[in-house]
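In what follows, a single structure is set out as structure tokens and then discussed.
Read the figures in this text as sums done on the coordinates, not as results from a lab. Please read these numbers as outputs of a predicted model, since none were measured by experiment. Glycine also receives a Cβ, built like all others from the backbone with ideal geometry; neighbour counts cover every protein chain displayed.
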Amino acid sequence: MQTHVVTRVIDGDTVEVSPEISRRIALQTPMERLMGSPLPAETPMERLGRPNMFNKIRLRNIDAPESDTLQGEKAICYLKQLLEGKRVRFKPVGISYDRVVADVWRYPDNVFVNAIMVHSGHARWAYPPG
């Protein structure tokens, strides 16, 4: 699984990473990932129709307070301390707006970031985890 560096924390549940993530990887099914299936070739329309590359990851199934609140500022600070400048691995589950929605683990210690944000009190589960 490829690792990415967190270049910026946008809010308590969204980070920016480098290098960018291709749309094909973000939409690859779990079975395709598990089996190591090759990704389909980009179509000419995909090559022309950027944005097929994403650099933002939205942590799946959590909801952090709005960034313009005191609790939101605390969530941002906590996530910065946890991830900014560090490597992450992620398991994408889809795309929402301009972000890849994913479960995220800090690399190499495998801290499950989605859960640690909830268990630290800086976010809540938006849906039952799983």
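If you take every residue apart from Thr7 with its C-beta less than 13 Å away from the C-beta of Thr7, what net charge results, scoring Lys and Arg +1 and Asp and Glu -1?
That sum, taken over residues with Cβ under 13 Å, equals +2.
On a full-extension model of 0.36 nm per residue, what is the gain between Asp98 and Tyr127, subtracting their alpha-carbon distance, rounded to one decimal in nm?
8.4 nm
May I ask you to sort Tyr107, Tyr97 by Cβ crowding, counting other Cβ atoms within 10 Å and putting the fewest first?
With the sparsest Cβ surroundings first, the list reads Tyr97, Tyr107.
What order do you get for Arg24, Arg106 when you list them from fewest to most C-beta neighbours inside 10 Å?
The most exposed by this proxy come first: Arg24, Arg106.
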